[in-house]
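Notes to accompany the following structure.
Computed from the coordinates by the stated procedures, all read-outs in this text should not be read as laboratory data. Keep in mind that what you see is a predicted model, and the values were worked out from it rather than measured. Here the Cβ is made from the backbone with ideal geometry for all residues, glycine too, and neighbour counts use every protein chain on show.
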Amino acid sequence: MTTSGSTPRIRLTQALYLLVLALVVASDGRSLRGGPAIFAQSAGFLLVVLAVLARLWITLFIAGRKDEQLVREGPFALCRHPLYLASIVGALGIGLTTLSLAMTVAIPLAVGAIVIAAARREDDALLAAHGDSWRQYRAAVPAFWPDWSRRRMPESVIVPLRIYRKAILDAASFLGLWLLVLLLEGLKAGGAWRAFFNLP
């Protein structure tokens, strides 16, 4: 059985989010209460939805072509790693939903560190596969921060449904995680169990 190059990143991210759920269960991390808490959870939801929609849109352009072609259109004209940028946005949304200032900062930073390391490995692989074409692309397109002046949309894209189904599940996992965090926070606030420690 072969291991995909993305497997370590996926496993690290899954472990991180399991840790987040454990911290939500065990800690009283409600730094935000009242109006600020409502605002934080609403903003968290919007960021998670944005991340889900962005990942679905981005996957239209990359699904089934990532290893064979150098994709430079659609979101890949704006930045080289738009899927990873969407992951960081979703991580910020999850962090806000916890109502903990510490987790709001720590979660996107941890996800950012994971995806930056993965992006460097991908850049090396793309350089080996595409040489000068990749060098020109790297020189023109930022890694993460989108350059909106570079918008380029093709007339159409062909998406293998088998691969896109997996992408839908992957993107929807952000919503599932958001719901779990919200449910656990609600149960804890309702007195279902007591927190073991405080988290700012």
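To the nearest 20 debye, what charge dipole does the chain have about its Cα centre, counting +1 at the Cβ of each Lys and Arg and -1 at the Cβ of each Asp and Glu?
100 debye
Kindly provide the helix-only [θ] at 222 nm of the chain, computed as the sum of -39,500 (n - 2.57) over DSSP H runs of four or more divided by all residues, to the nearest 500 deg cm²/dmol?
Calculated at 222 nm, the ellipticity per residue is -23500 deg cm²/dmol.
Out of ARG162, ARG72, ARG121, any idea which swings most in a Gaussian network model of the chain, alpha carbons joined below 10 Å?
Answer for the Gaussian network model of the chain: ARG162.
Can you tell me the Rg and Dmax of the stretch 33-84, counting just the alpha carbons, in angstroms?
15.5, 51
Cut-off 10 angstrom, C-alpha nodes, Gaussian network model of the chain. Which of PRO82, PRO108, PRO160 fluctuates the most?
So, out of PRO82, PRO108, PRO160, the one fluctuating most is PRO160.
Kindly rank 7-14, 113-120 from highest to lowest mean number of other beta carbons found within 10 Å of each residue.
In descending order of packing, they fall as 113-120, 7-14.
Going by average Cβ density within 10 Å per residue, which order do the peptides 20-28, 89-97 take, highest to lowest?
The packing order, highest mean first, is 89-97, 20-28.
On C-alpha positions alone, give me the angle between the axis of helix 101-130 and the longest principal axis of the chain, in degrees, nearest 10.
Value to nearest ten degrees: 20.
Rg/Rh for the stretch 1-134 to two decimals, with Rh computed the Kirkwood way over all alpha-carbon pairs.
1.04
Give me the distance between the Cα centres of the stretch 9-39 and the stretch 122-200, rounded to whole Å.
After rounding, the separation between the Cα centres reads 18 Å.
Pulled fully out, how much extra length does the chain show between LEU19 and GLU68, if you take 0.36 nm times their separation in residues and subtract their Cα-Cα distance?
14.1 nm
May I have the extent of the alpha carbons of the stretch 79-186 along their three principal axes, as whole Å values ordered from largest to smallest?
Largest to smallest, the principal-axis extents are 52, 32, 27 Å.
So how long is each side of the stretch 140-200 along the principal axes, counting just the alpha-carbon atoms, biggest first, in Å?
55, 31, 14
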